[in-house]
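Participant: What follows is a single structure, and I will ask about it in a moment.
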Amino acid sequence: MKKIVAAIIATGVLYSALEPAQAAERKITLMLGGSYCDLYWGEVESAVKKVSGVKAVDFKSMKGHVIVTVEDDKTTAKQLEVAISGVKGEGWHCRAKEMK
């Protein structure tokens, strides 16, 4: 009986060691700016989602802001700011600044 219990415990330990570690997530809040930037949320969302490590984009929680859920070690606020700054519409540029 002890051998069976030991085998079950060993199997559980081995299985948990083989499971991939869940990447830590964090949220980055960016204040949006620029004339009429809020009219281009679809383009802003597309630009943000193209940044490596982005998991979710939320425009609804804070007016004039975007909250981006990212994998902790893959994405920086600066990368998101650059992506958003590249969104243009009718000659008006969007810009973003990290809220700390």
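None of the figures in this text is laboratory data; all of them are computed from the coordinates on show. Note that the structure is a prediction, hence the values are computed from the model and not measured.
Participant: Per the Kirkwood definition applied to all pairs of different Cα atoms, how many angstroms is the hydrodynamic radius of region 23-99?
Facilitator: Mean inverse Cα-Cα distance, inverted, gives 12.1 Å.
Participant: Can you tell me which aspartates and glutamates have their Cα less than 15 Å from the Cα of LYS60? Leave out same-chain residues fewer than eight positions away.
Facilitator: Candidates past the 8-residue exclusion: ASP38, GLU45.
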